[in-house]
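So the structure is just underneath, and the comments pick up after that.
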Amino acid sequence: MISEEEARRRVLQSVRSPGKRVVPLSEALDCFSALEVVARLPLPMFDNSAMDGYAVVADSSKKGTRLHVIGEQPAGIDRKLRVSPGEAARIFTGAPIPAGADAVVMQEDTTREGDTVMVNESVDPGEFIRKRGCDLAEGQKILGLGEKIRPATIALLASQGFADVTVGSKVDAAVISTGDEVVAPGTTLDLDPGQIYDSNLLLLQALVQQCGACVKSAEHCPDQRERLTQTIQRGFKSQVLVITGGVSVGEHDLVQSTLRSLGATIDIWRVAIKPGKPFLFGQANGCAVFGLPGNPVSAFVTFLQFVRPAILKMMGAKNVDLPKVPARLTADVSNQGDRPHYVRGRTENGTFAPVGRQESHALFGLSQSNALLRLAAGESLKAGEIVDIQIWY
Ligand code: AMP
Ligand code: MG
């Protein structure tokens with residue numbers, strides 16, 4: 001059995017980011033940038049009005065002044081107006097500021113009469129003008145290597161005139177659930193005694209998708225060597241293969257021996273982590289193979305701690321860790337065991353409360369939680385203490 005840190009290190013060392021690709025911005029969400037990008041344009045690109053109103057010379061537009069309206073500048077082509085003291089140009093939000101003007105009086109503070117306008121509130125120079133480059137300067141870094149592309153990143157790249165972006169590789173994964181007792185939901189509402197519905201297959205599919213990877217196949221396989229051999233062989237065609245159940249040491253746990261018979265190397269078997277000890281990692285023809293325990297919470301925790309970072313690294317992510325935030329514990333917690341324990345809990349308004357039964361089969365508790373607290377072996381913490389928790393919502 002190896003430590004959690006060692007397992008993570010070995011997994012991350014074994015997987016590579018296969019390359020880069022150029023994708024249209026409309027398909028770039030949740031990808032990771034494979035290049036550093038700098039601004040080629042300032043934002044805003046030109047001085048423009050923040051309001052519908054009148055562009056004026058502030059010093060000659062005190063409260064009570066009547067100005068001559070010389071023309072209109074809507075958003076769009078610059079009409080090359082020039083505003084002198086005593087004059088105003090009708091202007092609209094986003095329109096370029098005419099030469100000579102140094103402020104905008106908002107429409108609500110004016111009274112229009114024919115080709116004149118009465119100023120009802122004084123303005124200061126610069127008021128309601130969005131200055132060229134005040135948001136972003138040319139040459140400023142707008143996207144870092146390995147940074148996640150979010151909706152606002154896409155908007156920023158589009159504002160620079162880019163139609164696409166260079167991102168890390170697409171990663172595809174195969175998911176296999178095993179077990180003679182496991183039945184696909186939807187096939188029957190009358191299970192035979194001893195049977196259970198397959199929740200892990202969909203859990204792992206969803207987790208893979210949440211990483212931004214693509215689930216190429218998801219299938220269930222009973223504990224039969226021949227069927228398992230064929231199913232795993234199909235799984236090897238993906239870059240990542242995630243198998244749940246059957247990785248342990250019982251007579252019906254066929255995953256490890258089947259993987260070996262197919263020529264896979266087993267680099268990790270058993271990690272000091274709770275839940276999740278029977279964790280397996282290996283490789284076969286460039287496919288990263290993860291064997292996760294069948295217990296749903298163990299599968300979930302080991303996915304987040306080992307599979308997620310590997311997939312994110314393959315996709316070109318710089319940061320592969322779950323986000324960590326400080327939270328105040330609402331209850332005493334302790335770990336009497338000799339393995340680090342990931343306590344499932346709920347974080348709300350800066351607090352963390354353990355939720356449900358802390359056992360590896362307790363799926364309901366897991367479903368009510370949104371964060372994990374890692375307790376080192378032998379560690380005890382008191383209610384009120386501030387701890388770092390990992391969040392995944
Ligand atoms: P195993 O790792 O195959 O020994 O399974 C450990 C526990 O997880 C057993 O109680 C199984 O019934 C349960 N289990 C295995 N596979 C699944 C699955 N796909 N969905 C829900 N529970 C499962
Ligand atoms: Mg099993």
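The values are calculated or read from the model by the stated rules, or taken from the named source; none is laboratory data. These numbers come from a predicted model, not from an experiment. Heads up, the Cβs are rebuilt from the backbone with ideal geometry, glycines too, and the neighbour counts pull from every protein chain shown.
Looking only at residues of the range 176-192 that are in contact with a His (Cβ under 9 Å, 6 or more places away or on another chain) and of a type in the set (Gly, Ala, Ser), we find that the one that is farthest from ligand 1 (Cβ to nearest atom) is Ala184. For Gly161, state whether it is at positive phi, away from ligand 1 (no atom under 14 Å from the Cβ) and touching a residue at least 40 places away in the same chain (Cβ under 8 Å). Taking the combined requirement at face value, the residue satisfies it.
Listed here are the residues, each with its yes/no results for (1) at pLDDT below 95; (2) closer than 21 Å to Val320 by Cα; (3) in contact with a Pro (Cβ under 8 Å, 6 or more places away or on another chain).
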| position | (1), (2), (3) |
| --- | --- |
| Glu6 | no, yes, no |
| Arg10 | no, yes, no |
| Ser14 | no, yes, no |
| Ser17 | yes, yes, no |
| Leu29 | no, yes, yes |
| Arg40 | no, no, no |
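Say whether the condition of being in contact (Cβ under 8 Å) with a residue 60 or more places away in the chain and either under 45 Å from the mean Cα position of the chain (by Cα) or within 20 Å of Asn120 (Cα to Cα) (or both) is met by at least one residue in the range 60-72. Checking the range 60-72: at least one residue is in contact (Cβ under 8 Å) with a residue 60 or more places away in the chain and either under 45 Å from the mean Cα position of the chain (by Cα) or within 20 Å of Asn120 (Cα to Cα) (or both).
Per the conditions (1) away from ligand 1 (no atom under 16 Å from the Cβ); (2) in contact with a Cys (Cβ under 6 Å, 6 or more places away or on another chain), the sole criterion not satisfied by Leu228 is (1).
Residues of the range 89-115 that are outside any loop (DSSP other than H, G, I, E, B) and more than 14 Å from Met51 (Cα to Cα): Ala99, Thr111, Arg112, Glu113.
Consider Arg16 carefully, then state whether it is in a strand (DSSP E or B), in contact (Cβ under 8 Å) with a residue 60 or more places away in the chain, under 30 Å from Val167 (Cβ atoms) and not aliphatic (A, V, I, L, M). Against the criterion (in a strand (DSSP E or B), in contact (Cβ under 8 Å) with a residue 60 or more places away in the chain, under 30 Å from Val167 (Cβ atoms) and not aliphatic (A, V, I, L, M)), Arg16 does not qualify. When the range 158-191 is filtered for residues that are within 30 Å of Glu251 (Cα to Cα), small (Gly, Ala, Ser), surrounded by fewer than 24 Cβ atoms within 10 Å (Cβ to Cβ) and more than 15 Å from ligand 2 (Cβ to nearest atom), the ones remaining, listed by number, are Ala184, Gly186. Here the range 241-256 is the region considered, the condition is being small (Gly, Ala, Ser) and either touching a Leu at 6+ places or on another chain (Cβ under 8 Å) or in contact (Cβ under 8 Å) with a residue 12 or more places away in the chain (or both), and the residue that is farthest from ligand 2 (Cβ to nearest atom) is Ser248. Just to check your reading of the model, which residue among Ala39, Ala50, Ala28, Ala7 is surrounded by 18 or more Cβ atoms within 10 Å (Cβ to Cβ), touching a residue at least 12 places away in the same chain (Cβ under 8 Å) and under 28 Å from Thr93 (Cβ atoms)? Of Ala39, Ala50, Ala28, Ala7, the one residue that is surrounded by 18 or more Cβ atoms within 10 Å (Cβ to Cβ), touching a residue at least 12 places away in the same chain (Cβ under 8 Å) and under 28 Å from Thr93 (Cβ atoms) is Ala39. Among the residues making up the range 322-344, those that are over 13 Å from Ile389 (Cβ atoms) and polar (S, T, N, Q) are Ser334, Asn335, Gln336.
Only one entry of Ala288, Ala310, Ala299, Ala331 meets the criterion of being among the hydrophobic types (A, V, I, L, M, F, W, C), in a loop (DSSP other than H, G, I, E, B) and either touching a residue at least 60 places away in the same chain (Cβ under 8 Å) or under 27 Å from Ser369 (Cα atoms) (or both), and that entry is Ala331.
From the residues in the range 10-25 that are surrounded by fewer than 19 Cβ atoms within 10 Å (Cβ to Cβ) and touching a helix residue (DSSP H, G or I) at 6+ places or on another chain (Cβ under 9 Å), which one is farthest from Gly282 (Cα to Cα)? Taking the candidates together, the pick is Leu25. Which residue is surrounded by the fewest Cβ atoms within 10 Å (Cβ to Cβ), if the candidates are limited to the range 61-84 and must be small (Gly, Ala, Ser) and in contact with a Leu (Cβ under 8 Å, 6 or more places away or on another chain)? Residue satisfying both the conditions and the ranking: Gly71.
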